[in-house]
Every structure is written in structure tokens, then in C-alpha cells.
Amino acid sequence: MKFGVLVFPGSNCDHDTQHVIAEVAHQPVTFLWHDSEDLDGADAIIVPGGFAYGDYLRTGAIARFSPVMQAVKRFAESGGLVLGICNGFQILTEAGLLPGALMRNSGLKYICRQVYLRVETAQSPFTNQLAKGQVLRMPIGHMEGNYFCEPDLLRRLETEDRIAFRYCTAAGDITAEANPNGSLSNVAGILNEKRNVLGMMPHPDRSSEVLLGSADGWKVFASMVDALATY
């Protein structure tokens, strides 16, 4: 199996993500530049965090037009695994690969701290090594992480088991106090209809080794490796 990590002008978590795949997962990984439509034979694509194109216009709005994103759309439509982290989540919503939008944090401030997440589904290629209701600890670092969608869409996400993670307390309770950015229904990550695309605001790439304060994020990547191995 082979992973591809996208690189846009302004990406700043591309090397973090590449490190996890190469040094923790011990899998082949390559960087994919934004102006190329060649995915270099990758079996899974990761859209990393950062500030693609300086977040000009709005987060992810310019990156969606990059040649590489046209290739990623085709890849996802064919069933390929795509993970968007933080800015990557924002790009995936702008590109129409995931529904809804990421808006300015409710407190109108950049937030960078550890948060707790509750696993809402284990039925996906990104969460198969996790258990529903399991609590994870990961860092966030964003200004626009406030997930929003129309009520009908939220009901669909819930009915179709497409909410992957919600912000919670250390005990796993879904409360307003545990919500760092005002995200609708405490949503921290969602899946597309085919369940092969995941967007999440917290950073599993920054929490995949104990040295970083938490290795909980590693289980997201381990799930992807397991899913690819069984395809």
C-alpha cells in the first residue's frame, strides 16, 4: 500500500503526517504537489493541516481549484480513501467531497489546545480500530473549526451514522463546555455517503506518539492501514 500527502503553498502539517506514515506506520508515502494531477499510484490520500494559499478568500476556497484536488475528487469517487485533517477538512468541504461548512470559531479566536473526542462510529475505514463511545485525546489548532450544516443534513448525518467524532468531556459526555469552537452538535469529524472520505478538525498526526503527549491519533492511521490491507 502507498499513501500520498498533499502539499499546498501554506501547508504546515505535511511533514508531520508523512512522518507518522513512514516512521510509525512503516508504510510507503510520497508528497503530492498541488499543481499536479498525478497521484503517483497512491492507495490513500491525506489532505494535511496548515494554511493552504494563506487562507485567502476563506479557508480551503482556493485550494479546491488546485489540479491535485481534481485528481483527488476522481480518486474519491472511485472509492479511494481520503482523510482531511484541520485545513484538509476545510478543503474537502469547499471541494464538495464532504457536506456542510467550517466557519469562524464562536469565540472569534484561534484555538490551540488538547481536546477530548468521543468516537461516534467504528464502522468506517478510519475508525475500525476504535470502539464506539471510546474517548480520545488530541490537539486542535484552528480559527475556523465551527462545523455548520442545515438541520435536515444534520439529521441525515446522524441517521446514516456519518458523524465520526464529537467533542466531549474526559468522561465522554457531550456538553456545551466541551465544545471548543461552537461546532453544531459538537461535531468534530464527519464521513461522506460512501464512508471513504473523512474530515476531522483535531490532529491525529500530532498525537500518534506518546512523546507528543498522546498516541490516540495513531488509531486513525492504523485503521486506514487495516482497511487498505483488507481491500
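Would you please give the residues with an amide H less than 5 Å from that of Asn146, counting only those at least 5 places away or on a separate chain, with H modeled from the backbone geometry?
Residues meeting the criterion, in which the H sits 1.01 Å from N, are Met103, Asn105.
Mind scanning Lys132/Lys194; Lys73/Lys194; Lys73/Lys132 and naming the pairs with a C-alpha gap bigger than 22 Å?
On the way: Lys132/Lys194 19 Å; Lys73/Lys194 13 Å; Lys73/Lys132 29 Å.
In this structure, Lys73/Lys132 exceed 22 Å between Cα atoms.
Hey, can you grab everything whose amide H is under 5 Å from the amide H of Leu32? Only 5+ residues off in sequence or another chain; H modelled, so Pro and N-termini drop out.
Residues meeting the criterion, in which the H sits 1.01 Å from N, are Val5, Leu6, Val7.
Treating cross-link reach as a plain straight distance, find the aspartates and glutamates whose alpha-carbon is under 13 Å from the alpha-carbon of Lys2, omitting any fewer than eight places away in the same chain.
Asp40, Asp43, Asp226
Counting Lys and Arg as +1 and Asp and Glu as -1, each charge on the Cβ, what is the dipole of the chain about the Cα centre in debye, to the nearest 20?
Details: 19 positive and 25 negative charges, 89 e Å.
In total the dipole reaches around 420 debye.
Once phi is turned into θ = phi - 60°, what whole-Hz ³J(HN,Hα) does the Karplus curve with 6.51, -1.76 and 1.60 give for every residue of region 64-71, x standing for Gly and Pro?
Listing the rounded values in order: 4, 8, 4, x, 5, 6, 5, 5 Hz.
Relative contact order for the chain using alpha-carbon pairs under 8 Å, separation at least 6, rounded to a whole percent?
Details: 562 pairs, mean separation 45.6, N = 231.
Relative contact order of the chain: 20 percent.
Tell me whether region 3-230 comes out rounded, prolate or oblate; compute the Cα gyration tensor, take square roots of the eigenvalues as a ≥ b ≥ c, and use a/c under 1.5 as the rounded threshold. If you can, show how the numbers build up before the last one.
Values: a/c = 1.34, a/b = 1.18, b/c = 1.13.
Judged from the Cα gyration tensor, region 3-230 comes out rounded (a/c under 1.5).
Using only the alpha carbons of region 7-67, what is the convex hull's orientation-averaged projected area in square nanometres? Walk me through the numbers on the way to the answer.
Working: hull surface 15.9 nm².
So the Cα hull casts an average projection of 4.0 nm².
Using amide H atoms built in the peptide plane, which far-off residues or other-chain residues are under 5 Å from Val115 H to H?
The list, which skips near neighbours in sequence, is Met138, Ile140.
For region 107-117, what does the Karplus curve 6.51 cos²θ - 1.76 cosθ + 1.60, with θ = phi - 60°, yield as ³J(HN,Hα) per residue in whole Hz, taken in order and with x for Gly and Pro?
x, 6, 9, 5, 10, 9, 6, 7, 9, 9, 10
Could you run the Karplus curve 6.51 cos²θ - 1.76 cosθ + 1.60 with θ = phi - 60° over region 129-143 and give me ³J(HN,Hα) per residue in whole Hz, x for Gly and Pro?
9, 10, 10, 4, x, 5, 9, 10, 10, 9, x, 10, x, 7, 10
Where a number appears in this text, it was derived from the coordinates with a stated rule and is not lab data. Given the structure is predicted, the values throughout are model-derived calculations rather than measurements. In this analysis, Cβ positions are derived from the backbone assuming ideal geometry, glycine residues included, and neighbour counts consider all displayed protein chains.
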